[in-house]
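Only one structure is covered here, and it is reproduced in the block below.
The values are calculated or read from the model by the stated rules, or taken from the named source; none is laboratory data. Everything numeric in this text was worked out from a predicted model, so none of it was measured. Because the Cβ atoms are built from the backbone with ideal geometry, glycine has one as well, and the counts that use them run over all protein chains shown. Ligands, DNA and RNA are excluded from the accessible area calculation, which covers all protein heavy atoms including side chains. Shrake-Rupley method; radii C 1.70, N 1.55, O 1.52, S 1.80 Å.
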Amino acid sequence: MADKIKDTKIIFVVGGPGSGKGTQCEKVVAKYGYTHLSSGDLLRAEVASGSERGKTLQAIMQKGELVPLDTVLDMIKDAMIAKVDVSKGFLIDGYPREVKQGEEFEKKIGAPCLLLYIDAKGETMVKRLMKRGETSGRADDNEETIKKRLDLYYKATEPVIAFYSSRGIVRKIDSELPVDEVFGHVAKAIDGLK
Ligand SMILES: Nc1ncnc2c1ncn2[C@@H]1O[C@H](COP(=O)(O)OP(=O)(O)O)[C@@H](O)[C@H]1O
Ligand SMILES: Nc1ncnc2c1ncn2[C@H]1C[C@H](O)[C@@H](COP(=O)(O)OP(=O)(O)O)O1
Ligand SMILES: [Mg+2]
């Protein structure tokens, strides 16, 4: 894994719930052909499988809490191994959610070359999630869970941004703008990679 991953770009996509990570990742996939791995999507797939593990995960996610680090890291690692031979780059969306997750990822997989920090105001994120909740069917897109997810984001995930800033790989993206304008800035950050 470590050998193969060396020549493949790893981009962390970090931002609050509803900031627009998934939306931007889809556009990156369309333009650059990178592989998009969303930790939340991987977890929801496990829940949808109906497995015992899925049931445990569902209960945690419904409360807006983080699932155990090993569970999510194993899922991401397996998904990366499955794609490493054909992938030009990986977009790791929704991970790391805490500094420890970043450290473990680097030990087991590799180092990111870029962190896209998708930034929107708290009230914007709440509004978007309430709207998404009308159709998403997601058990965590409700007022009570959104508040908990937001609190946890500020407490656990924002320190991730500071952690990688000192390495000079963070690009802050204003996600208050219309989707295509946000993407213009995302594309500039990716084009700036060597
Ligand atoms: N720049 C934007 N302007 C307006 N709405 C947006 C923007 N980016 C995303 N959205 C909407 O906000 C909601 C959350 O976006 P999503 O990409 O699912 O965020 P995340 O993956 O960060 O939770 C979606 O309904 C999406 O359509
Ligand atoms: N890296 C991670 N570590 C622990 N739990 C995670 C995780 N990524 C996702 N989860 C769990 C907890 C989250 O509240 C839930 C939904 O995550 P998500 O789909 O990434 O949300 P969003 O795209 O709205 O930010 O899944
Ligand atoms: Mg998402």
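Checked against (1) under 14 Å from the mean Cα position of the chain (by Cα); (2) more than 9 Å from ligand 1 (Cβ to nearest atom); (3) in a helix (DSSP H, G or I), G54 passes all but condition (1). For region 4-21, the criterion of being away from ligand 2 (no atom under 13 Å from the Cβ), in a helix (DSSP H, G or I), closer than 20 Å to F105 by Cβ and open to solvent by 20 Å² or more (accessible area, probe 1.4 Å) is met by at least one residue. If you filter region 1-45 down to residues that are over 17 Å from L114 (Cβ atoms) and touching a Phe, Trp or Tyr at 6+ places or on another chain (Cβ under 8 Å), you find that the one that is nearest to ligand 1 (Cβ to nearest atom) is P17. Could you grab me the full set of residues in region 81-105 that are open to solvent by 40 Å² or more (accessible area, probe 1.4 Å), away from ligand 3 (no atom under 15 Å from the Cβ), of a type outside the set (A, V, I, L, M) and assigned to a loop (DSSP other than H, G, I, E, B)? Passing the criteria: D85, K88, E98. Annotation note: Cβ proximity below 8 Å between a residue of region 135-161 that is surrounded by 14 or more Cβ atoms within 10 Å (Cβ to Cβ) and a residue that is hydrophobic (A, V, I, L, M, F, W, C) and part of a loop (DSSP other than H, G, I, E, B) (sequence gap 6+ or interchain) occurs for T145/A139; L152/L66; A156/L66.
Restricting attention to region 106-130, and to residues there that are in a helix (DSSP H, G or I) and within 27 Å of G54 (Cβ to Cβ), which single residue is most open to solvent (accessible area, probe 1.4 Å)? Residue satisfying both the conditions and the ranking: K107. Among the residues of region 84-111, which ones are within 16 Å of V14 (Cβ to Cβ) and of a type in the set (G, A, S)? Within region 84-111, G94, G102, A111 qualify.
Looking at F183, is it under 25 Å from K100 (Cβ atoms), outside any loop (DSSP other than H, G, I, E, B), of a type outside the set (V, I, T) and touching a helix residue (DSSP H, G or I) at 6+ places or on another chain (Cβ under 7 Å)? For F183, the condition - under 25 Å from K100 (Cβ atoms), outside any loop (DSSP other than H, G, I, E, B), of a type outside the set (V, I, T) and touching a helix residue (DSSP H, G or I) at 6+ places or on another chain (Cβ under 7 Å) - is not met. Listed conditions (1) more than 13 Å from ligand 2 (Cβ to nearest atom); (2) touching a Leu at 6+ places or on another chain (Cβ under 6 Å) are all met by S166, apart from (2). Of all the numbered requirements in (1) outside any helix (DSSP H, G or I); (2) among the hydrophobic types (A, V, I, L, M, F, W, C); (3) within 12 Å of ligand 2 (Cβ to nearest atom), V72 misses one, and that requirement is (1).
Considering only residues in region 22-43 that are more than 11 Å from ligand 2 (Cβ to nearest atom), under 17 Å from the mean Cα position of the chain (by Cα) and of a type in the set (A, V, I, L, M, F, W, C), the one that is surrounded by the most Cβ atoms within 10 Å (Cβ to Cβ) turns out to be V28. Going by the conditions given, is E46 within 12 Å of ligand 2 (Cβ to nearest atom) and in a loop (DSSP other than H, G, I, E, B)? Spelling it out, it is not the case that E46 is within 12 Å of ligand 2 (Cβ to nearest atom) and in a loop (DSSP other than H, G, I, E, B). Counting the residues of region 163-173 that are open to solvent by less than 70 Å² (accessible area, probe 1.4 Å) and closer than 18 Å to G122 by Cβ gives 1.
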